[in-house]
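In what follows, a single structure is set out as structure tokens and then discussed.
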């Protein structure tokens with residue numbers, strides 16, 4: 001009987017020491033400085049690529065219009081040559097378009113992965129410092145009291161480290 005009471009009390013003592021917390025990594029990714037900068041860079045790159053796509057589309061449109069206007073005066077060989085040229089340039093355009101989208105998606109995913117990994121590395125000591133036994137990601141959590149949410153603390157801690165790293169990097173350049 002004494003053993004059972006000792007086990008129950010030791011379990012109760014352990015439960016009293018248990019402190020659970022959680023973070024919303026998606027929110028941290030979107031609101032931290034690195035995440036915001038990555039979004040701006042990707043938007044800029046997307047705009048550049050879209051401009052390139054627009055120019056290529058306009059070129060294709062002009063070539064197609066030229067073919068339509070002049071097909072009655074061109075020889076059959078010339079028409080065939082221009083049709084092949086149009087077809088080739090359309091295929092090149094499709095490859096460029098698909099490659100551009102793939103490149104942007106890959107870059108976005110790569111940047112997100114790095115930032116999430118860094119956020120997790122900063123969350124570990126943050127949770128320890130605040131006395132948390134376990135720290136969970138919000139995605140699988142059904143309920144958590146707001147006072148156990150360390151997301152804003154994580155964003156602040158990450159931004160401090162990010163600014164330090166950025167200064168060091170700028171000092172080396």
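Checked against the criteria, residue 138 counts as surrounded by 13 or more Cβ atoms within 10 Å (Cβ to Cβ), in contact with a helix residue (DSSP H, G or I) (Cβ under 8 Å, 6 or more places away or on another chain) and modelled with pLDDT under 95.
Got a sec? Which of 124, 105, 112, 117 is touching a strand residue (DSSP E or B) at 6+ places or on another chain (Cβ under 9 Å) and either at pLDDT 95 or above or at positive phi (or both)?
That would be 124, the only listed residue that is touching a strand residue (DSSP E or B) at 6+ places or on another chain (Cβ under 9 Å) and either at pLDDT 95 or above or at positive phi (or both).
More than 18 Å from residue 162 (Cβ to Cβ), surrounded by fewer than 11 Cβ atoms within 10 Å (Cβ to Cβ) and within 13 Å of the chain's Cα centre (by Cα) - does that describe any residue in segment 99-121? Taking every residue of segment 99-121 in turn, at least one turns out to be more than 18 Å from residue 162 (Cβ to Cβ), surrounded by fewer than 11 Cβ atoms within 10 Å (Cβ to Cβ) and within 13 Å of the chain's Cα centre (by Cα). Could you say whether any residue in segment 8-26 is under 37 Å from the mean Cα position of the chain (by Cα), modelled with pLDDT of 95 or more, assigned to a helix (DSSP H, G or I) and surrounded by 10 or more Cβ atoms within 10 Å (Cβ to Cβ)? Yes: one or more hits. Counting the residues of segment 140-166 that are more than 22 Å from residue 33 (Cβ to Cβ) and free of Cβ contacts under 8 Å to residues at least 24 places away in the same chain gives 6. The selection criterion, being modelled with pLDDT under 95 and more than 30 Å from residue 167 (Cα to Cα), does not hold for residue 58.
Residues considered: 137, 51. Of these, the only one that is out of contact with any strand residue (DSSP E or B) (no Cβ under 9 Å at 6 or more places or on another chain) and either free of Cβ contacts under 8 Å to residues at least 60 places away in the same chain or closer than 30 Å to residue 34 by Cβ (or both) is 51.
The values are calculated or read from the model by the stated rules, or taken from the named source; none is laboratory data. Treat the numbers as computed from the prediction; the structure is a model and nothing was measured. FYI the Cβ positions are ideal-geometry reconstructions off the backbone, even for glycines, and counts take in every protein chain you see.
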